[in-house]
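This report concerns only the one structure given below.
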Amino acid sequence: MDNYLASLLTEQVNERTKEIDRCDTAGILNMINDEDRIVPEAVGKEIPHIARAVDMIVDAIRGGGRLFYFGAGTSGRLGVLDASECTPTFGVSHDLIQGHIAGGDTALRNAVEDSEDSEELGRAEIGRLGITAADVVTGIAASGRTPYVLGVVRQAAAAGAKTIGITTNPDSILQREVDVCIAPLTGPEALTGSTRMKSGTAQKLVLNMLTTATMIKLGKVYGNRMVDLNATNGKLVERAQRIFRDITGGSEADAREFLAAANMRTKLAILMYLSGLDASAAQAVLDESSGNLRQAFSRLGIAAPPDASTADGAER
């Protein structure tokens, strides 16, 4: 494994930053920024693989399955971050999209680096979490060789689950173990081997794309509005009211009234306002429409409303 690690693209010395320690502050930052510019293009080249992964996840969730992320160190933390943000953003349960890190929750704040070296620990996660053939398991490892992650995807495949790999190295061990591998090649890091930098940024972009595209395809978004957001604090309540007004053209008072009647469920409040149905009847229509607001409008013969922002583009 040592020779394998030394040969990785992300472990190579970056010739462009070899003098970074001799730069002034602005020079250091410019070098880092120049390297960061490489990341979006590298991710863009992987869109065909990301699209395959999204379709796999959508099919699994529609069939009653779940999405799991597993990683160690930075990779694990990014998976936990993306998973945890799906509940307030898209109103899904905490169980639907889960992030797990080698070493458990302690590793979110503290380095527990040796835990990543156990393939058996990774294999045990599959049984502990009750992962089945209905689920999708994503292993995240910049190196593409982390034993914990390899254990996870190998055991997941044995359980019949679909598997995705996210790495920033070509021709990795991980790639050979998964159904779909997403491998944006971001090259040597500004600091040799520090994959918390470009590799981590690439992983974050990929994870954002996986869950956001999945939720759009599952009807959690209308236009580009998060109509299934979980309004659990003041900022989100205000956002829910704004989304309601922009889609329906209703007033601030309407937004408050219908969101309250819908128990702060934005999508339901919108359908109630535009259809005249009460909460129970409107929810039944949404259920019959697989939660898709456009389909609910069509089912009720309601013309899909345009964005009700003011004509000059400024929101009311």
If only one of Gly104, Gly165 is closer than 17 Å to Leu78 by Cβ, at pLDDT 95 or above and among the small types (Gly, Ala, Ser), which one is it? Gly165
Positions within segment 47-99 being in contact with an Asp or Glu (Cβ under 6 Å, 6 or more places away or on another chain) and of a type outside the set (D, E, K, R), in sequence order: Gly65, Ala72, Phe90, Gly91
Hits in segment 226-244 (condition: open to solvent by 30 Å² or more (accessible area, probe 1.4 Å) and touching a residue at least 24 places away in the same chain (Cβ under 8 Å)): Met226, Asp228, Asn230, Thr232, Val237, Arg242
Among (1) assigned to a loop (DSSP other than H, G, I, E, B); (2) among the aliphatic types (A, V, I, L, M); (3) under 30 Å from Leu9 (Cβ atoms), which single condition is Val227 missing? (3)
When you check Thr266 against the structure, is it in contact with a Gly (Cβ under 9 Å, 6 or more places away or on another chain) and either over 29 Å from Ala51 (Cα atoms) or surrounded by 19 or more Cβ atoms within 10 Å (Cβ to Cβ) (or both), yes or no? yes
Can you pull out every residue in segment 72-92 that is surrounded by fewer than 23 Cβ atoms within 10 Å (Cβ to Cβ) and over 20 Å from Ala213 (Cα atoms)? Thr74, Arg77
So, in segment 95-120, how many residues would count as being under 21 Å from the mean Cα position of the chain (by Cα) and farther than 16 Å from Ile140 by Cα? 4
Between a residue in segment 65-78 that is at negative phi and any residue that is open to solvent by 10 Å² or more (accessible area, probe 1.4 Å) and of a type in the set (Asp, Glu), which pairs come within a Cβ distance under 6 Å, given they are 6 or more apart or on different chains? Ala72/Glu116
Among the residues of segment 211-225, count how many are more than 16 Å from the chain's Cα centre (by Cα) and either closer than 25 Å to Val39 by Cβ or open to solvent by 20 Å² or more (accessible area, probe 1.4 Å) (or both). 3
Scanning for something under 27 Å from Gly104 (Cβ atoms) and open to solvent by less than 30 Å² (accessible area, probe 1.4 Å), does segment 6-29 turn up at least one residue? yes
Within segment 269-309, can you find the residues that are farther than 21 Å from Ala231 by Cβ, within 27 Å of the chain's Cα centre (by Cα) and open to solvent by less than 80 Å² (accessible area, probe 1.4 Å)? Ser289
Qualifying residue in segment 39-50 (condition: open to solvent by less than 50 Å² (accessible area, probe 1.4 Å), modelled with pLDDT of 95 or more and of a type outside the set (A, V, I, L, M)): yes
Inside segment 118-167, the number of residues satisfying the requirement of being polar (S, T, N, Q) and within 18 Å of Gly63 (Cα to Cα) is 3
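The values are calculated or read from the model by the stated rules, or taken from the named source; none is laboratory data. The structure presented is a predicted model; accordingly, all values stated were derived computationally and were not measured. Backbone-built Cβ (ideal geometry, glycine too); neighbour counts: all protein chains shown. Quick note on the areas: whole protein, heavy atoms, side chains included, nothing else; ligands and nucleic acids left out. Shrake-Rupley method; radii C 1.70, N 1.55, O 1.52, S 1.80 Å.
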